[in-house]
Each structure stands twice: as C-alpha cells, then as structure tokens.
1. Quick check, is residue 450 among the basic types (Lys, Arg) and more than 18 Å from residue 387 (Cα to Cα)?
2. Considering only region 180-202, I want to know if a residue exists there that is part of a strand (DSSP E or B) and either more than 20 Å from the chain's Cα centre (by Cα) or within 16 Å of ligand 2 (Cβ to nearest atom) (or both).
3. Kindly indicate the residue of region 69-113 that is at positive phi and away from ligand 1 (no atom under 16 Å from the Cβ) and also surrounded by the fewest Cβ atoms within 10 Å (Cβ to Cβ) among those meeting that condition.
4. Being within 15 Å of ligand 1 (Cβ to nearest atom), assigned by TED's automatic domain parsing to the domain that holds residue 204 and free of Cβ contacts under 8 Å to residues at least 24 places away in the same chain: is that true of residue 133 here?
5. For the condition within 29 Å of the chain's Cα centre (by Cα), farther than 15 Å from residue 230 by Cβ, open to solvent by 10 Å² or more (accessible area, probe 1.4 Å) and within 14 Å of ligand 1 (Cβ to nearest atom), what is the one hit in 48, 62?
6. Looking only at region 192-203, decide whether some residue is open to solvent by 50 Å² or more (accessible area, probe 1.4 Å), over 19 Å from residue 88 (Cβ atoms) and outside the structural domain of residue 280 (by TED's automatic domain parsing).
7. So for region 393-413 (the condition being open to solvent by 50 Å² or more (accessible area, probe 1.4 Å), modelled with pLDDT under 95 and not charged (D, E, K, R)), does at least one residue qualify?
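The values are calculated or read from the model by the stated rules, or taken from the named source; none is laboratory data. All values derive from a computational prediction rather than experimental measurement. Note that we place each Cβ from the backbone using ideal geometry, even for glycine, and neighbour counts take in every protein chain shown. These area figures cover heavy atoms from the full protein model, side chains too; ligands, DNA and RNA do not enter into them. Shrake-Rupley method; radii C 1.70, N 1.55, O 1.52, S 1.80 Å.
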Amino acid sequence: MAEQSAQKLTVIALAAGKGTRMKSPLPKVLHPVAGRPMIEKVIQASKQAGAAEVRVIVGHGQALVRQVVEPMGVACYVQDEQLGTAHAVRCAKPENIEGDVVIMNGDHPLIEASDIKDFLRIFRDEKCDLAVVTAELKNPGEFGRIVRNRGELMAIVEAKDASAEALKIKEINTGIYIAKAEVLAQYLPQIQNNNAKKEFYITDLISLCIQDKCRVQAIKGNPKVAVGVNNQVELAKATRLIFKRKALQLLEDGVLMIDPRTAYVEESVQIGAGTVLYPNVFIRGRTQIGSFCVIESNSFISDCEIANSVQVRGGSYLESSKLHDKVSVGPYARLRPETEIMEEAHVGNFVEMKKTKFGKKSKAGHLTYLGDAEVGEEVNVGCGTITCNYAADRKKYKTKIGNRVFVGSDTQFIAPISIGDDAVIGSGSTITKDVPAKALAVARGKQFVKENYAVKSTETDSKE
Ligand code: UD1
Ligand code: MG
C-alpha cells in the first residue's frame, strides 16, 4: 500500500486545439470561467491532487497559452499539427514518464482535486493498467459513447463514428483517463487514424488495451466532470455552475444570501459567517470579507480587504482597497486602488477616492473626490469637496488633512497642500496655501449686493 501511494503522479492536459466552435480569437482554454482561464482551473486541480508534474500540450495560440500556464510551474509540450487527442498525448513524451498518468482535456473547468484523487484511488486499488472516467447523461450529444458487452467495457465510439444504436447509449466518455506510463508508451504508437475525422483518437487506447488483456476499467464519475466547453453556450453554463457551487459553499459556511442564484462570487474570494449578500453582487479576485458585513445589490468588489461589520451599500464599485471594521460606503461609492478607509469612517453617495487614506470616524457624505490624500480622524468633508491633485505639469500632488478638520461644502484643495489639526475651511473655498492648526481659512469672492438692480434694468429696456 505504502508503495502505491508513493507512486508518482503526472498529469497531461490537452490544450492544443483551436476551439473553432468558440468563434472567438482567444485560444479556447484561455476563456475565463468565473474569472479564471479554464486551463488554470485544470492545472490547479491537478496540483492540489498531488501531481508532481503537469505537462500541458500547446499548439493553437501557444504564445498566449504559455503566458498563462508557465508561471504556474508547468512544462509545455508543443503539438505542431492537431492530428488528434492520441497524437497530442504522444507529444507529451510519455516514454520518459514513470508512475501513473492522468490525462485530461483542458476544456473541462469543473474538475476538482477531490475528483482526481477519487479516480486515482480506484485506479490504484483495482490495480488497473488503464481507466476511463465515464458519466451518465440524459443528453449525451457529441460525447464519445461507452460501449459495453454484458456490462464489460469494450470500447469508446466517437459520436461521429457511432451507429444509430450506439448513439442511444447514455454513458459517455468524460475525456479523463488514468494510465500507467508504460501502457501509454507501448500502446499509443499503435493507434491508427481510420475514422470519420482522420484523427488519432486517444479513445482507441481502450479497445487496444482490452484486446491485449490489460486491466481496463470504466470509473463512473459525477456528471459535472463531463461538463466540457466547446462553444459559448457551454462556457456560460460552466461559469453558471461554478458560481452556483461557490454560492452553495458560502451558504454552508454561514453566509446569508437573499438570492444565491445572483451572487457572483469567484472561487478565490473568502467571506466570513454572518455576512449578508443582497441580490446581484459581483465579488472578484483576492477579495476577503469578514463577518457581519452587508453587501447590497449591484456592488462590484475586486481584490479588496474588508474587515467586520462593514456596510457596502448598493451600486458601489470597490477595487484593491482596504476597509476596516464598521466602515460604511455608498450607495454609489467608488473606491479606486490603494484606498484605505479606517474604522467607523463613512463614505457616502457619489464619492470617489483614489490612493487615499481616510481616517477613523471621518465622513465624506456626498459628491466628493479625494485623490492622493491623507485624511486624519474625525474629519468632516463637506459635499462637493475636491482635491485638485493633477497639475498642469502632469504630475500628481498630495493633500494632507489633519485630525478633526471641518471642511465646508464645495471646497477645492489645490495640491500639494497641508491642513493642520482642528482647522476650519469655509464653504466654497479654493485653498491654495497651507492652513495651520486651529485656523479658519476662507478663500472665496466677497458677496456683492446691488439693491433694486433688476428693476432698473427693466426700466431701461422699456424706454428703448
Ligand atoms: C473528446 C473525446 C470524446 C469525449 C470528449 C469529452 C476523443 C477522440 N474524443 O471529444 O470521446 O467524450 O472529448 O469532452 O478524444 N486537443 C489537442 N490536440 C488535438 C486535438 C485535441 O490538444 O490534436 C485537445 C483540445 O484542445 C481539447 C481536448 O484535446 O482540450 C479535446 O479535444 P476536442 O476536440 O474538444 O474533443 P471532443 O470532440 O470534445
Ligand atoms: Mg471537447
């Protein structure tokens, strides 16, 4: 047993095909499924399942595919001409692999590490030479059919080559195979291309090995592992399924959702128990959200760190920002990268911040832009305040506002500028010079009142 589990695992992922049916310039395996390229999901699952090595077969659009997969520490093997799935596996040079090999299509993004581990366990327990993972589908469509004789696995027949009788079979080939490396090295060269597509089919390995009395088994898997992506409809379906799976996982972990069907949360996101998601939220990337937060409808949150008891009100757009405990933002707030909102601060409607640190218990309730700013604690930023951070020299300058500053409405800070603690800025001011602590600064045109002005001008008009 010990020897078996020590067996080396190599995964070969097929990703050289063009994906003609996608009708898209992007190589098929790079199409994102719930935010990540589908080949990335296949590689991730392989690694988590304990693969010591992952060999990716590349061909169409290989320069782009390499950019995504090579940083994940996998080796690419080139298939210059797409002569079929068996030919693709041969390009991975199975003759210099030892141990067990899992072969997967790169277009099956729903596969998880636990699935691979389960299949591998059966393969090893049953001391198989070769196994194919199958699934029962109501509509087997274009999938290869599993042909059995009195229950015994015989062959896989491609839909294009199948008789009317064989097309009725509901058990299909998921495109996942496990083989001993030496079985691949011995039998792959024997596969011929005498079929409808004139391609070398990996599926022919099954009948070849059976004829030669190898131990070959069909392992029945969950139909979800059969979800392959060959066109945009299937891509949308796979995306939907991954979002659904994540939503169910979050519900199990104690996250509340008004309608889990419209919670679009990427797999990489973490959310604490007791947090509520309203319908139609989109939460992406490396976002982490703590407990007892409320994320209201139509909020988009990407790569943010959100602590506990934070309120994100409807229609807010948050990117690469950090929100501390008990912060409230929105409705309709926009936080651009490198913004940090400290404890109990409030950012209200139509407020935009960029590269700004906004202090504890400070408030910017309405219609404000703060960019490249550092705002202290308990500051009140009045409606319509703007930091003029971008100068005619095309450089960005900083605005520093101390603690407990009161900024009257419709103030412009012409950066670089610094406002001392407890200062008061009069409404409608254009502040161009630093303001010391505790000072009052007012910079606006004096009001001019001319009595009966309107009456006089009307009289002039009537004389003409
Ligand atoms: C294949 C199987 C079919 C199975 C189905 C599951 C064969 C002959 N058929 O059909 O039995 O039910 O998967 O989804 O294997 N690829 C290459 N090089 C090639 C050809 C393909 O790398 O020369 C790659 C593709 O990029 C793709 C994968 O292999 O990731 C499968 O190819 P695809 O053309 O999608 O095969 P299916 O028709 O789906
Ligand atoms: Mg396919």
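1. Yes; evaluated as a whole, the condition is true for this residue.
2. For region 180-202, residues part of a strand (DSSP E or B) and either more than 20 Å from the chain's Cα centre (by Cα) or within 16 Å of ligand 2 (Cβ to nearest atom) (or both): present.
3. The residue in question is 73.
4. Taking the combined requirement at face value, the residue does not satisfy it.
5. None of the others qualify; the one that does is 62.
6. no
7. no
Results for (1) more than 21 Å from residue 29 (Cβ to Cβ); (2) out of contact with any helix residue (DSSP H, G or I) (no Cβ under 6 Å at 6 or more places or on another chain), shown as yes or no for each residue.
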{"residue": "72", "(1), (2)": "no, no"}
{"residue": "84", "(1), (2)": "no, yes"}
{"residue": "114", "(1), (2)": "yes, yes"}
{"residue": "117", "(1), (2)": "yes, yes"}
